[in-house]
1. If you take the residues of the range 38-57 that are touching a Ser or Thr at 6+ places or on another chain (Cβ under 9 Å) and outside any loop (DSSP other than H, G, I, E, B), which of them is nearest to E109 (Cα to Cα)?
2. So I50 passes all but one of these: (1) open to solvent by 70 Å² or more (accessible area, probe 1.4 Å); (2) touching a Pro at 6+ places or on another chain (Cβ under 9 Å). Which condition number does it fail?
3. Of everything in the range 1-24, what is among the small types (G, A, S) and either at pLDDT below 95 or assigned to a strand (DSSP E or B) (or both)? Give them in sequence order.
4. When you look at S30, is it surrounded by fewer than 17 Cβ atoms within 10 Å (Cβ to Cβ) and either under 20 Å from S101 (Cα atoms) or modelled with pLDDT under 95 (or both), yes or no?
5. Would you call R37 of a type in the set (D, E, K, R), surrounded by 14 or more Cβ atoms within 10 Å (Cβ to Cβ) and under 12 Å from the mean Cα position of the chain (by Cα)?
6. For the range 58-123, give me every one of the strands (runs of 3 or more DSSP E) that falls completely inside it and has 2 or more residues that are of a type in the set (F, W, Y), surrounded by 14 or more Cβ atoms within 10 Å (Cβ to Cβ) and touching a residue at least 12 places away in the same chain (Cβ under 8 Å).
7. Tell me whether the range 8-16 contains one or more residues that are hydroxyl-bearing (S, T, Y) and crowded, with 18+ Cβ neighbours inside 10 Å.
8. Any chance you could count how many residues in the range 62-106 are over 14 Å from the mean Cα position of the chain (by Cα), of a type in the set (A, V, I, L, M) and more than 14 Å from L3 (Cα to Cα)?
Amino acid sequence: VQLQASGGGLVQAGGSLRLSCEASGLTFSSHAMGWFRQAPGKEREFLAAISWHSLSTHYDDSVQGRFTISRDNAKNTVYLQMNSLKPEDTAVYYCAGRVSSWPDKNQAEYDYWGQGTLVTVSS
């Protein structure tokens with residue numbers, strides 16, 4: 001199983017980025033997917049998760065209303081649209097897959113992890 005995250009980069013505060021995570025080696029449409037991030041010196045934290053059919057999503061309060069998770073099962077890809085970015089959003093962003101149809105905020109519930117993509121937000 002491989003999860004390939006991309007789309008990170010340098011952006012000014014207030015800007016937007018869209019992260020992508022393409023999955024291979026698994027039946028993508030039967031897996032819930034999530035996004036997490038780890039800032040320098042901090043623990044990895046939950047951001048957003050989505051069910052297999054996109055009808056159920058969960059967000060952390062810190063990104064609710066600014067970030068949107070979505071997926072395209074035909075492309076085996078999950079996305080994270082990030083708007084109104086802040087310097088405190090600077091982190092390495094990870095996608096993860098869960099051998100369950102339903103999303104979860106607990107990172108211990110995820111079975112597969114991507115390599116991470118760096119997002120840097122300048123003030």
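1. Filtering first and then ranking leaves A49.
2. Here I50 meets the rest and fails (1).
3. Listed by number, the residues that qualify are A5, S6, G9, S20, A23, S24.
4. yes
5. Taking the combined requirement at face value, the residue satisfies it.
6. Values: elements: 67-72, 77-82, 91-98, 117-122.
Result: 91-98.
7. There is no residue in the range 8-16 that is hydroxyl-bearing (S, T, Y) and crowded, with 18+ Cβ neighbours inside 10 Å.
8. 2
The values are calculated or read from the model by the stated rules, or taken from the named source; none is laboratory data. Just so you know, these numbers come straight off a predicted model, no measurement behind them. Cβ: placed from backbone, ideal geometry, glycine included. Neighbour counts: every protein chain shown. Protein only, heavy atoms only, side chains kept; ligands, DNA and RNA dropped before computing areas. Shrake-Rupley method; radii C 1.70, N 1.55, O 1.52, S 1.80 Å.
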